[in-house]
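Throughout, read-outs are computed from the coordinates displayed, never taken from laboratory work. Please read all numbers here as calculations on a predicted model, not as lab measurements. Quick reminder, even Gly has a Cβ in these numbers, built from the backbone with ideal geometry, and neighbours come from all protein chains shown.
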Amino acid sequence: MNIETIAVIGAGTMGRGIAYAALAGGYRTILEDVLPEQLAAAQQEIRRWFDEAIARCKSTAEQKEQALARLSTASSVDLACRQADLVIEAVPEELEMKIDVFCILEKFARPGAILASNTSSLSITEIAAVTTRASQCIGLHFFNPVPKMKLLEIVRALETAPEAVEACRAVGQRMGKEVVVVRESPGFITSRVNAMIGNEAFYMLQEGIASARDIDTAMKLGLNHPMGPFELVDLVGLDVRLSILEYLHKTLGEKFRPCPLLTQYVKAGRLGRKSGRGVFEYPSGDRS
């Protein structure tokens, strides 16, 4: 499968990061969102990422301009997916919303296109079941922030064709990612392990065993984690983490029951950096 054009559905945090990676990999890229202001903000951030790459001597001004020339936008899923060889859905982590997108892709994406979901835990097989092209459906789990995180988890669903896996492996490598392939299971590799660590950290905080900062420090200095579990959940979003845990609890059992303190924080609107307050507080200029 020869992939030249990639469509990214959703211009939020993950979508714009994936679009940047696609542009940096040399692909013609179509970024879709129903909100014009979201598309404008995404384009501004993509330019900023290229400027940062230039400052680090990872790119040049000429490469930036060539990449931006390959970027186009669309205001609807049907318009975005018609010409794409690979469509990557990056809408919020809600099964019904992702299924709605795949129903549109089934109708409007070209026959040979690979349809990918950026889900971090949900069933690709279940999402693919609403299409007649399950062999072309796959999971591409990028990590936040996409421009800096090297890993790409490729999720092979029940009927995913080997050709689709290999085509996506080539895409990931061209984007500069290290690729791992996992057979579909709830939470895949990273979300399953990380959800357990983060949930246990919340239980420790709830029980008063240590402060959030001390728990983070212990994990970074004692276990060599690049970020503490609370720094990470504030970056990812407490609502996203709660959604993942609820799904893992439903599919894998009691050991993934969300900590009540995490649930309480989400109900209070403490969602992390994006809301200005999660486990920690963030000034208005320090929320990206």
Note the angle between two axes, namely the Cα long axis of helix 36-55 and the longest principal axis of the Cα atoms of the chain, as a number of degrees from 0 to 90, rounded to the nearest 10. 90
Can you give the % of DSSP beta bridges in the chain that are antiparallel, to the nearest 5? 15
Relative contact order, percent, the chain [alpha-carbon distance under 8 Å, six or more residues apart]: 14
So, relative contact order of the stretch 73-117 in percent, Cα under 8 Å, 6 or more apart, is 52
Can you find, among Ala129, His141, His225, the residue farthest towards the positive end of the dipole of the chain? Put +1 on the C-beta of Lys and Arg, -1 on that of Asp and Glu. His225
Angle check, please: helix 238-252 long axis (alpha carbons) against the longest principal axis of the chain (alpha carbons), in degrees 0 to 90, nearest 10. 90
Measure nothing fancy, just the Cα-based angle from helix 13-24's long axis to the longest principal axis of the chain, in degrees from 0 to 90, nearest 10. 40
Restricting to DSSP H runs of at least four residues, report the calculated mean residue ellipticity at 222 nm for the chain, -39500 (n - 2.57) per run over all residues, nearest 500 deg cm²/dmol. -14500 deg cm²/dmol
What order, most packed first, do the peptides 29-42, 48-61, 242-255 have when packing is the mean number of other Cβ atoms within 10 Å of each residue? 29-42, 242-255, 48-61
Do any of Lys177/Lys250; Lys150/Lys255; Lys58/Lys150; Lys250/Lys274; Lys220/Lys250 go past 25 Å between their Cα atoms, and which? Lys177/Lys250; Lys150/Lys255; Lys250/Lys274; Lys220/Lys250
Lys, Arg +1 and Asp, Glu -1 on Cβ, resulting dipole of the stretch 193-275 about Cα centre, debye, nearest 20: 220
Each label sits 7 Å from Cα toward the beta-carbon; between Lys58 and Glu207 the label points are separated, in nm, by 3.9
Of Leu86, Gln43, Leu262, which is farthest towards the positive pole of the chain's charge dipole, taken about the Cα centre with +1 and -1 on the beta-carbons of Lys, Arg and Asp, Glu respectively? Gln43
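Quick one: dipole size for the stretch 5-183, taken about the Cα centre, charges +1 on Lys/Arg Cβ and -1 on Asp/Glu Cβ, in debye to the nearest 20.
Details: 20 positive and 22 negative charges, 133 e Å.
Using only the charged Cβ atoms, the result is roughly 640 debye.
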